[in-house]
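Encoded as structure tokens, the structure appears first; notes follow it.
The values are calculated or read from the model by the stated rules, or taken from the named source; none is laboratory data. It should be emphasised that the depicted structure is a prediction, and the values quoted were computed from it without experimental measurement. So basically every Cβ, Gly included, is an ideal-geometry build from the backbone, and we count neighbours across all protein chains shown. The accessibility values were calculated without ligands, DNA or RNA, using every heavy atom of the protein model including side chains. Shrake-Rupley method; radii C 1.70, N 1.55, O 1.52, S 1.80 Å.
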Amino acid sequence: MALPSVVPAPASITSADSAPFAVAAETPIVGDAEAARALRSLVETRTGLTLATRPADAGRSAASDGTEGAIVLEVTGDGPAESYRLAATEASIVVSGADASGLFYGVQTLGQLLSPAALGWQVPAVTIDDAPRFGYRGVMLDVARHFHDVATVKAFIGRASALKFNALHLHLTDDQGWRLQLESRPLLTEKASATSVGGDPGGFYTHDDYREIIDYAGAHHMLVVPEIDLPGHTHAVTLAYPELSEEPVLSDHIREIVRDYGGALPVNGVAYDGMAVGFSSLKIRDEATYAFLADVLGEVARLTPGPYLHIGGDEALGTSAEDYDYFIGRVSRLAADLGKTPVAWHEAGTASDLDPTTVGQFWGYVEPIDGMDAKARGFTAIGSDRAKLILSPADAIYLDMKFDADSPLGLTWARGVTTARRAYEWDPAEVIDGVADEQILGVEAPLWTETVRTLADIDALAFPRAAAAAEAAWSPAVGASELRTWDSFATRVGALAPLWTSQGIGFTPLEGIDWVSEDATGTTTAATVDAGADA
């Protein structure tokens with residue numbers, strides 16, 4: 001018997017040889033109010049049915065409260081964090097979460113199991129016991145290269161949380177713009193937020209905007225990880241506080257990027273809308289820089305309830321190795337003193353005085369080159385229980401890489417085109433020698449926005465490859481079960497097409513995947529796009 005299509009692949013799934021559960025307008029949702037609202041909305045979007053909801057009777061568990069013909073949702077407090085159990089029979093469906101997050105993820109799985117039937121909608125008879133492999137499962141949205149408004153960010157949160165991602169990393173600052181209003185340093189958005197790559201309009205989030213994003217993320221069981229990228233990627237600071245910035249370092253590489261992608265060479269005090277990186281730096285030995293950073297990081301930390309504060313640290317090519325070492329040590333301690341766990345890109349693993357709680361984020365390749373793996377091991381070598389790694393291999397799960405050579409969206413610097421299959425066929429514990437599950441905090445799929453202007457662009461690049469990243473973050477290791485193979489994933493993710501279409505997700509039907517479609521009667525068919533050289 002074929003197993004139902006669930007993404008990311010659950011830890012355990014068993015189908016029963018019995019009739020499915022029929023979902024109709026009169027089907028009640030019983031139990032946890034928050035989860036019931038989420039399921040009610042999901043079912044209505046997918047099926048057009050508006051199900052009634054009611055709480056369990058006081059003093060009784062939802063599962064013992066008239067379950068016949070009902071969908072029961074409850075938090076039991078049993079099992080690992082974020083885990084859930086889903087048991088569907090012809091008579092009822094019971095989704096039990098170890099905590100509120102686990103119940104939310106069980107609801108997302110239930111939404112994927114819904115399918116059209118001859119006389120309505122149904123859920124197959126199935127038992128799923130599921131828990132995440134890694135505690136941190138992130139997506140990153142770069143809102144600096146192109147600004148994305150609150151509505152777009154919230155839409156991205158909704159899409160990501162449905163795939164069981166639990167962190168949104170916001171890249172809030174870069175050479176092209178500063179995107180978060182700070183009362184301590186108002187000139188940053190007054191003077192440095194108006195532009196984006198290619199001369200497109202900029203923008204920024206007010207405190208209220210930022211709180212709205214955080215609240216929406218929290219309602220979807222995601223935390224927000226703000227990034228202030230330092231000491232490079234800081235040209236925007238020169239527009240507001242030029243006294244804190246060094247002159248741009250114009251290497252041959254910078255000139256090549258300008259030649260190939262257009263724009264002008266960077267000039268201090270002039271807004272930059274090109275795509276070159278690595279030319280900017282703050283003044284490392286000036287105490288005014290650290291007074292500025294105490295204001296900036298302090299205010300961001302106060303605004304953000306989550307545990308993490310990302311300090312960047314990548315591509316600081318305009319900073320000497322000695323100054324970089326000094327800066328990263330000092331700023332990582334500043335972030336830790338603010339009560340946050342510092343996060344930094346893997347280059348920071350070379351810093352001799354790195355705060356021992358710092359988490360590293362590896363953006364090198366699945367097969368590391370140029371000592372990227374050695375730098376990443378600098379974090380785990382600290383020996384702290386909190387100093388771990390987030391895996392974001394650029395040639396697998398950088399969602400902004402082109403999915404096709406002819407795509408107008410995306411770039412190709414990370415080993416060329418990243419197909420869906422390449423996004424899937426890697427394992428976090430096999431990337432860096434000596435770094436196994438115990439040293440890995442989790443997995444994050446970044447989406448840089450040099451070519452990304454709209455939600456439609458985000459959808460086209462992120463889906464379905466974000467689902468491959470979700471499976472690397474949530475599911476057992478590649479090959480650990482019959483579901484953790486490319487062939488299984490290609491079938492399962494293709495079956496999500498009708499759900500994604502109903503939710504308005506403009507995914508790209510990539511090659512090698514069995515894409516399912518539904519006609520007006522609910523009849524489903526599957527077709528595989530020619531796989532070509534998909535590997």
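Using the alpha-carbon centroid of each, what span in Å lies between the stretch 85-115 and the stretch 307-358?
Distance between centres, Cα-based: 41 Å.
Translational D (Stokes-Einstein, µm²/s) of the stretch 220-283 at 20 °C and 1.002 mPa s when Rh comes from the Kirkwood sum over C-alpha pairs?
Here the translational diffusion coefficient equals 168 µm²/s.
Near the amide H of Val72, under 5 Å away, which other amide H atoms are found, from residues 5 or more places off or on another chain, if H is placed in the peptide plane?
Residues meeting the criterion, in which the H sits 1.01 Å from N, are Val30, Ile93, Val94, Val95.
May I ask for the Rg/Rh ratio of the stretch 187-229, computed from Cα atoms with Rh as the Kirkwood radius, given to two decimals?
Using only Cα positions, Rg/Rh for the stretch 187-229 is 1.07.
Given the pairs Lys164/Lys402; Lys340/Lys402; Lys283/Lys340; Lys154/Lys402; Lys164/Lys375, which span a C-alpha to C-alpha distance of over 27 angstrom in this model?
Checking Cα-Cα distances, Lys340/Lys402; Lys164/Lys375 exceed 27 Å.
Under the 0.36 nm per residue contour assumption, what length would be gained going from the current alpha-carbon distance of Ala194 and Ala321 to full extension?
Once the chain is fully extended between Ala194 and Ala321, it gains 42.5 nm.
What distance in nm separates the simple spin-label points at Ala456 and Arg54, each placed 7 Å from Cα in the Cβ direction?
A separation of 4.6 nm, rounded to one decimal place.
Based only on Cα atoms, what mean projected area does the convex hull of the chain have, in nm²?
In nm², the orientation-averaged hull projection of the chain is 24.0.
Over the Cα atoms of the stretch 362-463, what is the Rg over Rh ratio if Rh follows Kirkwood?
With Rh from the inverse mean 1/r over Cα pairs, Rg/Rh is 1.02.
From the backbone phi of the stretch 114-122, what are the Karplus-calculated ³J(HN,Hα) couplings (6.51 cos²θ - 1.76 cosθ + 1.60, θ = phi - 60°) in whole Hz, Gly and Pro given as x?
Working through the residues one at a time gives 4, 9, x, 10, 4, 10, x, 9, 8 Hz.
If you roll a 1.4 angstrom probe over the protein chains with everything in place, what fraction of the accessible area of the stretch 140-250 belongs to carbon and sulfur, to the nearest %?
The computed percentage sits at 52.
In whole Hz, what ³J(HN,Hα) sequence does the stretch 89-96 give by Karplus (6.51, -1.76, 1.60; θ = phi - 60°), x for Gly and Pro?
With the stated coefficients, the stretch 89-96 comes to 10, 4, 8, 6, 10, 10, 10, 10 Hz.
Please compute the length gained on full extension between Ala480 and Glu430, using 0.36 nm multiplied by the number of residues separating them and subtracting their Cα-Cα distance. Please list the in-between numbers first.
Details: separation 50, 0.36 × 50 = 18.00 nm, distance 1.37 nm.
Going from the current span to full extension adds 16.6 nm.
Enumerate the amide H contacts of Asp400 below 5 Å, restricted to partners 5 or more residues apart or on another chain; note that Pro and chain-start residues carry no placed amide H.
Trp448
Just from its helices, what would the mean residue ellipticity at 222 nm be for the chain, if runs of 4 or more DSSP H residues each count -39500 (n - 2.57) and the sum is divided by every residue, rounded to the nearest 500 deg cm²/dmol?
One gets -9000 deg cm²/dmol as the mean residue ellipticity at 222 nm.
Taking the Cα centre of the chain as origin and charging only Cβ (+1 Lys, Arg; -1 Asp, Glu), how large is the dipole, in debye to the nearest 20? Provide the component values of the computation, followed by the final result.
Values: 36 positive and 75 negative charges, 149 e Å.
Here the size comes out at about 720 debye.
Would you kindly state how much longer the chain becomes between Leu119 and Ala405 on full extension, computed as 0.36 nm times their sequence separation minus their alpha carbon distance, in nm to one decimal? Present the calculation step by step, with values, prior to reporting the outcome.
On the way: separation 286, 0.36 × 286 = 102.96 nm, distance 4.38 nm.
So the chain would gain 98.6 nm between Leu119 and Ala405.
Extent of the stretch 133-188 along each principal axis, from alpha carbon coordinates, in Å, largest to smallest?
42, 22, 20
For Tyr308, list long-range residues whose amide hydrogen, built 1.01 Å from N in the peptide plane, is under 5 Å from its own amide hydrogen.
Result for Tyr308 returns Thr341.
Mean shadow of the stretch 410-514, computed from the convex hull of its alpha carbons, in nm²?
Averaging across all directions leaves 7.5 nm² for the Cα convex hull.
Ratio of the stretch 304-379's C-alpha Rg to 2.2 N^0.38 Å, to two decimals?
1.06
Under a crude label model (7 Å from the Cα following the beta-carbon direction), how far is Thr412 from Glu438 in nanometres?
4.3
Provide the per-residue ³J(HN,Hα) series for the stretch 385-400, in order, calculated from phi with Karplus coefficients 6.51, -1.76, 1.60 and θ = phi - 60°, each as a whole number of Hz, with x at glycine and proline positions.
My calculation for the stretch 385-400 gives 5, 8, 7, 10, 10, 9, 9, 9, x, 5, 7, 10, 10, 6, 5, 8 Hz in order.
Using a basic spin-label model with each label point 7 Å from the Cα along Cα→Cβ, how many nm lie between Ala151 and Glu90?
Rounded to a tenth, the inter-label distance reads 4.7 nm.
Between the stretch 3-59 and the stretch 236-301, what is the separation of their alpha carbon centroids in Å?
A separation of 50 Å, based on Cα centres.
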